[in-house]
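The values are calculated or read from the model by the stated rules, or taken from the named source; none is laboratory data. Keep in mind the model is a prediction, meaning the values are calculated, not measured. Here the Cβ positions follow ideal geometry from the backbone for every residue, glycine too, while neighbour counts run over all protein chains shown.
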Ligand SMILES: Cc1cc2nc3c(=O)[nH]c(=O)nc-3n(C[C@H](O)[C@H](O)[C@H](O)COP(=O)(O)OP(=O)(O)OC[C@H]3O[C@@H](n4cnc5c(N)ncnc54)[C@H](O)[C@@H]3O)c2cc1C
């Protein structure tokens, strides 16, 4: 073996880090990497998940761009695994494949009324405000009061974007249609509900603190949620993050409120019970108060409450999607694997097939975690030479011929650079860093110009 022809499906951080680590790794053979993504632009959830008002995190794109610009990786955007290219195709052209397809769907929340009009998944809303080409361009922002279910960073992102005054989003890369939608929103109250206590949250201190800095938005928390038990006190004493989170809450509880035109309410010990509807539309949200069970969890108290809302967003986690011909764990929404080596139903290693990132480990963790993930997977790719496929057509031109013969309008690195420059020009003309191009056909047209 003198050359490893490797396909990576998914050009999010996991796929790009995997390519980078492999290229830089000491090895006795050459490597040629083709990176496929269903979207015409790379970077996955860094471009289409991280909130537009988090420019520092969005800046990770610069490091990912350096990897793509290193000249050793070809990218094929607008190519969907499962329709435009199949497992048989990959076996014909490559020695191995790494799936880095992430998780883009909302996890389900099985309560009555969750399918009413006005009840949404956070992932869809995030895709909308981040200008994802595959969601409708209009988002119905007609609610004055909104419930957000969940106590992770995504719930806080959704709550913040809903509550923030749109003028304060102007300097960001937010698309025009999103800005217009948010400007027309009549929202005054956003209620965030978590099943557990304030010392059992999943969000990070930085994301929480940011809520308290929103202009003309009051932060409202409730004293009844802050009667800490021994477990909560011990958690504050032993966990630095919780120590900071507790401090933030303490400051908010001492603040004067009542002057702001918008309010963000945090409700803890509140278990979702039902989305209430009238004529098929959301009119309220019913929840049960919980209390600590003494063992780190919570139990219902039997006390039910209701709040009037006209929209509900569930932010209870993301979930991976199955890929044609590849084993899938329906329960956890991941590709079953051992340290990145894909396993079949009998737990045997599937030769030549690897996984990394959120589709390997589940949708938890920050962008940085996908790097350590990729290291582990790449180690197995390097050591798994005996299981690599023997492609009939390893020639680098053959895969281009295949895509062309199928009429796939793929975009390449040059195309991405064109689109990137175009978006930056759109932004510069309006004193902003970038304005995203949203429609897929327009992205493809600009890329393939
Ligand atoms: C709303 C939200 C906000 C976040 N904010 C932060 C933050 O502020 N800071 C932070 O560190 N982390 C943040 N994260 C986490 C971070 O986005 C993830 O850790 C990271 O993106 C996971 O990387 P990945 O490459 O595994 O998946 P992804 O980023 O999802 O990339 C997967 C790629 O695979 C492609 N793909 C999927 N299916 C196919 C297919 N069939 N064919 C071809 N291509 C396919 C997708 O188009 C996508 O480009 C956030 C996540 C979310 C959901």
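When residue 49 is tested against (1) more than 17 Å from residue 131 (Cα to Cα); (2) in contact with a strand residue (DSSP E or B) (Cβ under 9 Å, 6 or more places away or on another chain); (3) within 6 Å of the ligand (Cβ to nearest atom), exactly one condition is not met: (1). For region 203-229, taking the residues that are within 18 Å of residue 169 (Cβ to Cβ) and not in a loop (DSSP other than H, G, I, E, B), the one that is farthest from the chain's Cα centre (by Cα) is identified as 217. Taking residue 130 as the residue in question, decide whether it is within 15 Å of the ligand (Cβ to nearest atom) and under 25 Å from residue 423 (Cα atoms). Against the criterion (within 15 Å of the ligand (Cβ to nearest atom) and under 25 Å from residue 423 (Cα atoms)), residue 130 qualifies. Residues in region 176-184: is at least one part of a loop (DSSP other than H, G, I, E, B) and more than 15 Å from the ligand (Cβ to nearest atom)? Yes, because at least one residue in region 176-184 is part of a loop (DSSP other than H, G, I, E, B) and more than 15 Å from the ligand (Cβ to nearest atom).
Taking the stated definitions as given, is residue 90 surrounded by 18 or more Cβ atoms within 10 Å (Cβ to Cβ), within 15 Å of the ligand (Cβ to nearest atom) and in the same structural domain as residue 334 (by the TED database)?
Judged against the criteria, residue 90 is a match.
Would you confirm whether or not region 373-387 contains a residue that is within 19 Å of the chain's Cα centre (by Cα) and within 13 Å of residue 100 (Cα to Cα)? Within region 373-387 (the criterion being within 19 Å of the chain's Cα centre (by Cα) and within 13 Å of residue 100 (Cα to Cα)), the answer is yes, since at least one residue qualifies. When region 259-293 is filtered for residues that are modelled with pLDDT under 95 and either closer than 27 Å to residue 215 by Cβ or in contact with a helix residue (DSSP H, G or I) (Cβ under 7 Å, 6 or more places away or on another chain) (or both), the ones remaining, listed by number, are 259, 292. Return yes or no: is residue 402 touching a strand residue (DSSP E or B) at 6+ places or on another chain (Cβ under 9 Å) and touching a residue at least 12 places away in the same chain (Cβ under 8 Å)? Considered against the rule, which asks whether it is touching a strand residue (DSSP E or B) at 6+ places or on another chain (Cβ under 9 Å) and touching a residue at least 12 places away in the same chain (Cβ under 8 Å), residue 402 comes out as yes. Taking region 142-159 as the region of interest, how many residues are part of a helix (DSSP H, G or I) and touching a helix residue (DSSP H, G or I) at 6+ places or on another chain (Cβ under 6 Å)? Number satisfying all stated conditions: 4.
Of the residues examined, residue 103 is not one that is near the ligand (Cβ under 10 Å from one of its atoms) and farther than 27 Å from residue 135 by Cα. Only one entry of 355, 315, 311 meets the criterion of being closer than 30 Å to residue 84 by Cα and in contact (Cβ under 8 Å) with a residue 40 or more places away in the chain, and that entry is 355.
Restricting region 106-120 to residues that are surrounded by 20 or more Cβ atoms within 10 Å (Cβ to Cβ) and within 20 Å of the chain's Cα centre (by Cα) leaves a set whose member that is nearest to the ligand (Cβ to nearest atom) is 106.
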